[in-house]
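Visitor: First the structure, which I've put down as C-alpha cells, then a few questions once you've had a look.
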Amino acid sequence: MQNYWLTDVRLETGYRYENGAVSGTETGLFHIRITDGKIADITAASAALEDTLPKKAMHGRLMLPSFRDMHIHLDKTYYGGPWRAPSVPANGIFTRFEEERELLPRLLPVARERAGKLIELLLRAGTTRIRSHVNIDPVIGLRNLEETLKAAEDYRDRAEIELVAFPQHGLLGGQTVSMMREALRNGASLVGGVDPATVDGDIEKSLCTIMDLAVEADANIDIHLHDGGHLGLFTIQRLADLTEQAGWQKRVTVSHALALADLAPEKAAETADRLAQLGISIASSVPLGRTIPIPLLQARGVEVMLGDDSIMDHWSPFGKGDMLEKAGILAERFGLSNERALGQALGYITGGITPLNGEGEQAWPRIGDEASAVLVEASCSAEAVARRSERQAVLFRGNLVSGSLDPK
C-alpha cells in the first residue's frame, strides 16, 4: 500500500507556556497523504478529503519518526530459540572470545532465522533502521556475514539494515585483515574494530589498519572501545588525529567510548569539542553502571546515537529491543524530566529528528519527508518517552511493517 491517507493523526505544533516556562505540548489533528513512500500532503483534519484514495483512521494517535538501533549484534543471539542465560561468568572479554570459538559454529545453522526474529522484535517496537556488527574472525570466517546478509535481504522492504565488519577477536592476528577486505567487498558497509590496546595490543597499528581498510573501501568506521581511563582516552585522541589526516570527517563512530565516563567535566568537554569538530559520533547502549556524559556530548555538538548491543546472547541475558525504552532510560539517568527535555530526548533514537525543535517550532513531518513513522498511544513525545507508549503501527517508506492501520 503506497498511496493512501492517514486521517485524524495527532501531530505536535508547539509548546504551551506558563510563567515563561514550558508546561506542555500543543498538538492538532491532521490528515496525512502518503504517496510512493513519501509524505505528500499534510492538511488540517477539518478539511474534507474528496479523492478516492484509501483512508485509514488513526483516531488521534500520535505520529513520531521511526526509530534507529545503531548498535546491535544480529548474528549471535539466542533470541528466537529456547531461553538461555550466559553459561559462565565473564572473566573479561577474552572469556567470551573463547566461548565463541565453540558457540558460533553451533549457532550458524540458525543464524539467519535468529537474526530475522530479532529484526521482527525491533520492528514491533518501532525501529526501521538498524546497524549491526557482524563477527569476522578466524573461527567463523565470513559465514556469519553471509547468513546475516540473507536476513537483511529478507527484510529489505521493511527496514534499512547496514552491517559492520567486526573483528571481534582482534584485527591484527592471522588472516583477519584479508577477511575484512573480503567482507567489505561482499556486503559489509562499515569497518569495525575493538579495543586496539587490550585486544590488538598495538594501538597505532590497529587504528592505522582500520583507517587504511576504510579508505581503501571508501567505507565508514564504527569501532568498539571499552578501554577506560587514560588508555581509552589516548585511543580516542589518536583516532581523532587519524580521522583528520585521512579526511574521514563525519565518517567515524566510536561505540561505547567508556573512557569518557572516567573524565572530569572539563576534560570531557575538551574531548567532546574535538569529536564535534571532526564529526566523530558516539554510539551508546546507556549502560546503567558506567554511563558516558551523553547530554554534555550533545551540548558540545557531538552526535550521540543509541543501540541495544546484546539481546539475550552469551554476553548478556538482557535487552528488550525497544529504542523508546532506551530513550526513557537515558532521560531517567540524566534527569531529563521536564516537557522540553523529554521531547528532545526522542532525537537520540531518530537520528536527531524530533517533531518540535528546541525552540518549540514544528520541525517534523514535512512534505517530502520519508514516510517512516510510528503511531503511538500518547499525547506528545514527552509522554511517549516517559511512559514508553504502546506502538500501534510502524511504517517504513510508506509500507506498514508492524502493527495495524485499522485501530479500534
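Visitor: Sort through 111, 183, 125, 152 and tell me the only one that's at pLDDT 95 or above and either of a type in the set (D, E, K, R) or touching a helix residue (DSSP H, G or I) at 6+ places or on another chain (Cβ under 6 Å) (or both). Even if it seems obvious, please write down each step before you answer.
Guide: Working: 111 fails: at pLDDT 95 or above; 125 fails: either of a type in the set (D, E, K, R) or touching a helix residue (DSSP H, G or I) at 6+ places or on another chain (Cβ under 6 Å) (or both); 152 fails: either of a type in the set (D, E, K, R) or touching a helix residue (DSSP H, G or I) at 6+ places or on another chain (Cβ under 6 Å) (or both).
None of the others qualify; the one that does is 183.
Visitor: Would you kindly identify the strands (runs of 3 or more DSSP E) lying entirely within segment 1-66 that contain at least 3 residues that are farther than 26 Å from residue 157 by Cβ and over 27 Å from the mean Cα position of the chain (by Cα)? Give the steps one after another, and end with the answer.
Guide: Values: elements: 4-18, 21-35, 38-44, 55-57, 62-65.
Where strands (runs of 3 or more DSSP E) fall fully within segment 1-66 and carry at least 3 residues being farther than 26 Å from residue 157 by Cβ and over 27 Å from the mean Cα position of the chain (by Cα), they are 4-18, 21-35.
Visitor: With respect to the numbered conditions (1) open to solvent by 50 Å² or more (accessible area, probe 1.4 Å); (2) within 20 Å of residue 27 (Cα to Cα); (3) part of a loop (DSSP other than H, G, I, E, B), which one is the sole condition not fulfilled by residue 344?
Guide: (3)
Visitor: Can you pull out the residues in segment 144-172 that are touching a strand residue (DSSP E or B) at 6+ places or on another chain (Cβ under 9 Å) and within 20 Å of residue 98 (Cβ to Cβ)?
Guide: 144, 166, 167, 168, 169, 170, 171, listed by residue number.
Visitor: Which is out of contact with any Asp or Glu (no Cβ under 9 Å at 6 or more places or on another chain) and closer than 26 Å to residue 186 by Cα, of 280, 294, 210?
Guide: Matching residue, one of 280, 294, 210: 210.
Visitor: Might you check whether a residue that is over 23 Å from the mean Cα position of the chain (by Cα) and open to solvent by less than 10 Å² (accessible area, probe 1.4 Å) occurs anywhere in segment 182-192?
Guide: No, because not a single residue in segment 182-192 is over 23 Å from the mean Cα position of the chain (by Cα) and open to solvent by less than 10 Å² (accessible area, probe 1.4 Å).
Visitor: What's the number of the only condition in (1) surrounded by fewer than 23 Cβ atoms within 10 Å (Cβ to Cβ); (2) assigned to a strand (DSSP E or B) that residue 69 fails to meet?
Guide: All conditions pass for residue 69, except number (1).
Visitor: A follow-up question, please. What's the number of the only condition in (1) of a type in the set (S, T, N, Q); (2) assigned to a loop (DSSP other than H, G, I, E, B); (3) more than 24 Å from the chain's Cα centre (by Cα) that residue 77 fails to meet?
Guide: If we test residue 77 against (1) of a type in the set (S, T, N, Q); (2) assigned to a loop (DSSP other than H, G, I, E, B); (3) more than 24 Å from the chain's Cα centre (by Cα), just (3) comes out false.
Visitor: Please go through segment 313-341 and pick out each residue that is crowded, with 18+ Cβ neighbours inside 10 Å, over 18 Å from the mean Cα position of the chain (by Cα) and under 28 Å from residue 120 (Cα atoms).
Guide: Within segment 313-341, 313, 314, 315 meet the criteria.
Visitor: Quick one: is residue 18 touching a strand residue (DSSP E or B) at 6+ places or on another chain (Cβ under 7 Å), of a type in the set (Asp, Glu) and open to solvent by 30 Å² or more (accessible area, probe 1.4 Å)? Before the answer, list the steps.
Guide: Values: touching a strand residue (DSSP E or B) at 6+ places or on another chain (Cβ under 7 Å): no; of a type in the set (Asp, Glu): yes; open to solvent by 30 Å² or more (accessible area, probe 1.4 Å): yes.
No: the conditions fail for residue 18.
Visitor: Across segment 170-205, what is the number of residues that are in a helix (DSSP H, G or I) and either aliphatic (A, V, I, L, M) or touching a residue at least 24 places away in the same chain (Cβ under 8 Å) (or both)? Before you say what the answer is, go through the steps one by one.
Guide: Start the filter on segment 170-205 by keeping residues that are in a helix (DSSP H, G or I), which leaves 176-185, 203-205.
Subset that is either aliphatic (A, V, I, L, M) or touching a residue at least 24 places away in the same chain (Cβ under 8 Å) (or both): 176-177, 179-185, 203-205.
Within segment 170-205, residues that are in a helix (DSSP H, G or I) and either aliphatic (A, V, I, L, M) or touching a residue at least 24 places away in the same chain (Cβ under 8 Å) (or both) number 12.
Visitor: Could you grab me the full set of residues in segment 113-147 that are in a strand (DSSP E or B), open to solvent by less than 10 Å² (accessible area, probe 1.4 Å) and either closer than 14 Å to residue 161 by Cα or among the β-branched types (Val, Ile, Thr) (or both)?
Guide: Kept after step one, since they are in a strand (DSSP E or B), are these residues of segment 113-147: 127-135, 137, 141.
With open to solvent by less than 10 Å² (accessible area, probe 1.4 Å) added as a condition, the list becomes 127-128, 130, 132-135, 137.
Answer for segment 113-147, where residues must be in a strand (DSSP E or B), open to solvent by less than 10 Å² (accessible area, probe 1.4 Å) and either closer than 14 Å to residue 161 by Cα or among the β-branched types (Val, Ile, Thr) (or both): 127, 128, 130, 132, 133, 134.
Visitor: Looking at segment 354-366, I want the residues that are charged (D, E, K, R) and have a partner that is modelled with pLDDT of 95 or more with Cβ atoms under 9 Å, at least 6 apart or on another chain. Which pairs are those?
Guide: Short answer, once both residue conditions are applied: 359/15; 361/14; 366/39; 366/42.
The values are calculated or read from the model by the stated rules, or taken from the named source; none is laboratory data. A quick note: this is a predicted structure, and the numbers were derived from the prediction, not measured. Backbone-built Cβ (ideal geometry, glycine too); neighbour counts: all protein chains shown. Only protein heavy atoms, including side chains, enter the accessible area calculation; ligands, DNA and RNA are left aside. Shrake-Rupley method; radii C 1.70, N 1.55, O 1.52, S 1.80 Å.
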